[in-house]
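Written out below as structure tokens is the structure these notes cover.
The values are calculated or read from the model by the stated rules, or taken from the named source; none is laboratory data. Since the model is a prediction, treat every value here as computed from it, not as a measurement. Reconstructed Cβ throughout: ideal geometry from the backbone, glycine too, with neighbour counts over all protein chains shown.
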Amino acid sequence: MEYNFESDIKFLTGDKALRKSINEINNIGCRRIMLICNDITERVGQLSDMLHQFNKELNIVSSYKRVGEIATVNDCEKVLREYKSEDCDSILVVGRKSAVAVAKAVKIMLKDDISFMSNYRTCSVNNISSIRIPLIVVPTNLASGTEASNFVRVYDTDNNQIFEFNTPFAQTNLIVLDPIMTDTMPPRVFAASGLYSLAMAVLSLSKTKDVRPLAKVYAVTAINLLTENLKKAILQNAARQYRFKLLLATVLAGYAYWQTPKDILSELADTISDRYRISYRNIFCILFLRYVNKHHWPKDFDMNALITLIGDNDYLAVSENTKKDNQNSKTQSSDNTEINCEKEEDKNDENKNVIRDSVNGYYARTKKYVNYIDRLRDLGVKQSDFTDIASSVISMHKEDKEEYTYSFITELLEESF
């Protein structure tokens, strides 16, 4: 078990974590529990058995098991009414991203003492509260990374609107990761989880503002877990421990990524996912593969963390020789300011090349083991919609940012198509 003092989140991980979580849930004061699940949970034998065990040993006084692919306002308001009518005191989530989002939204609404999500159109989240509502999350095999974040996205399907929150009051208190939860994961899910975790971890390492120190630690840990376990998880499908490491990597990378401000990739992925009602995860991975060639990576990017992704000895040898060449060049030009500036630019280019080669190599090696979607067109995205997609993202930003321009976004979309 690991305790995260920075964000007050407990991670209960490893073999029999689900069994141990029952005592932990009781210990944090959960006496009348509201259970929230996705609509497919009871149709999966493994999950159904686990829910039956929870029902036997925990005081679950109410359940809502109808959350679909997206978290809707209707879901949130129904859960809220049920929570209040049964006088619940805590929330247990077993399921995917949408179920987690509903639970977090309900926790915010309870704290603000509102009954309708539409009230947030005229007011903001109250950041002062003494209400304590424990939230326990058990991610299924399709972990999203948002389990450990404070970010919430809920859809008003009746009015075609979206509510977004990013507040400490959406915080999860306990995350339970048990290897048994990965038993239904097919190889394509391994690949998607691995690539998605990689994207979130690398992007979080590139952030320089408003970054929590622990986020960097989790990002590096996620990269190491991916490097050591993705290939084994795909090729050795029966090896539960490798699948579990991928689940853990996704949650850790998600924590790291969602603790930093939203970037162009998350906003584009959200916009496209909303428009076509398709997988956010797949869109994010596809965009990230082309984004590494366009982004201006910071000078202080932690290359040591990323270099582990390369894996092949010939790449590592090239990287080591390049480092030596750069060091020799710096020594020879120490008295020449202009040459130093040129070498600094060369170093930045070299860093960009290493990042690009590492990510491209990782994607390519993964595709040797399992076929995954790597083009927007294969998801049903239409090239004719790129203008509307770019305009929609740009309209949300008044400040000038290099990556929030029409040309940057459309080029990225075209290259990903």
remark   = Going through (1) over 26 Å from the mean Cα position of the chain (by Cα); (2) in contact (Cβ under 8 Å) with a residue 40 or more places away in the chain one by one, Lys111 fails only at (1)
request  = State which residue is nearest to Ser266 (Cα to Cα) when the search covers only the range 214-244 and only residues that are surrounded by fewer than 24 Cβ atoms within 10 Å (Cβ to Cβ) and of a type in the set (Lys, Arg).
outcome  = Lys216
message = Of everything in the range 106-163, what is assigned to a loop (DSSP other than H, G, I, E, B) and among the hydrophobic types (A, V, I, L, M, F, W, C)? Give them in sequence order.
response = Ile114, Phe116, Cys123, Val125, Ile128, Ile131, Ile133, Leu142, Ala143
remark   = Scanning the range 177-209 for residues that are surrounded by fewer than 24 Cβ atoms within 10 Å (Cβ to Cβ) and of a type in the set (Val, Ile, Thr), the one farthest from Leu235 (Cα to Cα) turns out to be Thr208
ask   = Within the range 193-202, is there a residue that is over 17 Å from the mean Cα position of the chain (by Cα) and touching a residue at least 12 places away in the same chain (Cβ under 8 Å)?
value = no
remark   = Quick count over the range 364-387, residues being touching a residue at least 12 places away in the same chain (Cβ under 8 Å), among the aliphatic types (A, V, I, L, M) and in a helix (DSSP H, G or I), is 2
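Would you mind finding the one in Thr227, Thr250 that is assigned by TED's automatic domain parsing to the domain that holds Ile286, part of a helix (DSSP H, G or I) and over 27 Å from Arg19 (Cα atoms)? Working first, answer last.
Working: Thr250 fails: over 27 Å from Arg19 (Cα atoms).
Going through Thr227, Thr250 in turn, the sole match is Thr227.
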query = Residues in the range 159-216 that are touching a strand residue (DSSP E or B) at 6+ places or on another chain (Cβ under 9 Å) and of a type in the set (Asp, Glu): how many?
reply = 2
request  = From Ser279, Ser319, grab the single residue that is at pLDDT 70 or above and surrounded by 15 or more Cβ atoms within 10 Å (Cβ to Cβ).
outcome  = Ser279
request  = Look through the range 388-411, keep the residues that are free of Cβ contacts under 8 Å to residues at least 24 places away in the same chain and surrounded by 14 or more Cβ atoms within 10 Å (Cβ to Cβ), and return whichever of them is nearest to Pro187 (Cα to Cα).
outcome  = Ala390
key: Given (1) in a helix (DSSP H, G or I); (2) closer than 24 Å to Ile278 by Cα; (3) not hydroxyl-bearing (Ser, Thr, Tyr), number of the condition Met396 does not satisfy   = (1)
note = Ala103 fails exactly one of (1) of a type in the set (Gly, Ala, Ser); (2) out of contact with any strand residue (DSSP E or B) (no Cβ under 8 Å at 6 or more places or on another chain); (3) under 16 Å from Ile36 (Cβ atoms), namely (2)
ask   = Hey, Thr172 hits all of (1) at pLDDT 90 or above; (2) more than 30 Å from Val359 (Cβ to Cβ) but one; which does it fall short on?
value = (2)
task = Would you be able to tell me the number of residues in the range 65-92 that are in a strand (DSSP E or B), surrounded by 20 or more Cβ atoms within 10 Å (Cβ to Cβ) and not hydrophobic (A, V, I, L, M, F, W, C)?
result = 2
